[in-house]
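In what follows, a single structure is set out as structure tokens and then discussed.
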Amino acid sequence: MKRTVRHSLRRYHIWLGWLIGVPMLFWTLSGVVMVWKPIEEVRGTALLADPAPFELATAPIAPRVEGRGLKSLTIEPRAPGPRWVLRFADGGSRLADPASGQLLPGYSAADAAREVTARYKGMAKVASVTRTEADKPPLDLRKPIATWQVAMSDGTHFYVDAANGEVVARRTRFWRFYDWMWGLHIMDLQTREDTHNPWIIVFGVATLMTTFLALVLLPLTIKRRSKP
């Protein structure tokens with residue numbers, strides 16, 4: 001009876017092992033890739049300098065906004081100089097001139113390139129500047145924001161908010177590979193966001209069962225081999 005049970009458990013363990021073999025390979029490979037480089041290097045943290053401190057020559061004049069609720073109103077550094085940044089309750093944003101309080105237009109492609117190059121610390125050059133829309137952001141951005149994608153000659157992408165000039169994301173070439181590996185790790189290559197998808201749950205449970213069976217079989221195997 002014990003031999004039959006042991007034989008059945010071993011058979012289930014072998015079949016489960018075959019089932020989880022490929023996912024385990026992918027999990028291990030993607031895990032190694034994700035720890036291969038420091039996360040700061042992956043994110044390109046050192047590629048942009050912090051904005052330089054600024055001083056206002058005169059007291060700032062607050063912008064006039066009517067009929068639209070404000071979430072925040074701050075003065076922030078931008079390449080052309082300090083700017084009021086108005087963030088609205090409905091999610092939009094605008095820039096304004098602190099010297100006059102006048103609302104300013106959104107960023108152009110040239111403005112976005114200037115915003116990046118003013119702080120860029122690398123050796124690459126601007127290769128292209130492309131508009132992206134909030135309703136269809138690039139996969140390496142994944143934020144519902146209208147931006148300018150400033151692509152550098154080394155493959156790095158900087159995303160500049162088209163409304164207020166903030167650099168909202170920096171994506172190195174390795175970051176995109178890292179991101180693909182992350183999608184492989186969580187078995188969601190389409191959005192790379194869903195860590196609760198059916199594939200990861202099913203294979204996670206199968207891996208747990210395989211490990212549990214191995215722990216059950218180990219003492220049975222040792223006991224069997226120790227018999228004279």
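Over 27 Å between Cα atoms: which of LYS71/LYS136; LYS37/LYS121; LYS121/LYS143; LYS37/LYS136 fall into that group? Over 27 Å apart, Cα to Cα: LYS37/LYS136. Annotation: MET209 carries an accessible surface of approximately 100 Å², with a 1.4 Å probe and no ligand, DNA or RNA atoms counted. Using alpha-carbon positions, what is the distance between the centroids of segment 45-64 and segment 81-96, in Å? Between the Cα centre of segment 45-64 and that of segment 81-96, the gap is 13 Å. Using heavy atoms of the protein chains and a probe of 1.4 Å, the accessible area assigned to ASP135 is about 140 Å². Using a Förster distance of 35 Å, how high is the FRET efficiency between VAL35 and LYS125, based on the Cβ-Cβ distance and rounded to 0.05? In this case the efficiency is close to 0.65. Between ALA89 and MET209, the simple label model (points 7 Å from Cα in the Cβ direction) yields a spacing of 5.3 nm.
The values are calculated or read from the model by the stated rules, or taken from the named source; none is laboratory data. Here the structure is a predicted model, which is why all the values come from computation and not from measurement. Cβ atoms come from the backbone with ideal geometry, glycine included; neighbour counts cover every protein chain shown. Just the protein is used for accessible areas: all its heavy atoms, side chains included, with ligands, DNA and RNA removed. Shrake-Rupley method; radii C 1.70, N 1.55, O 1.52, S 1.80 Å.
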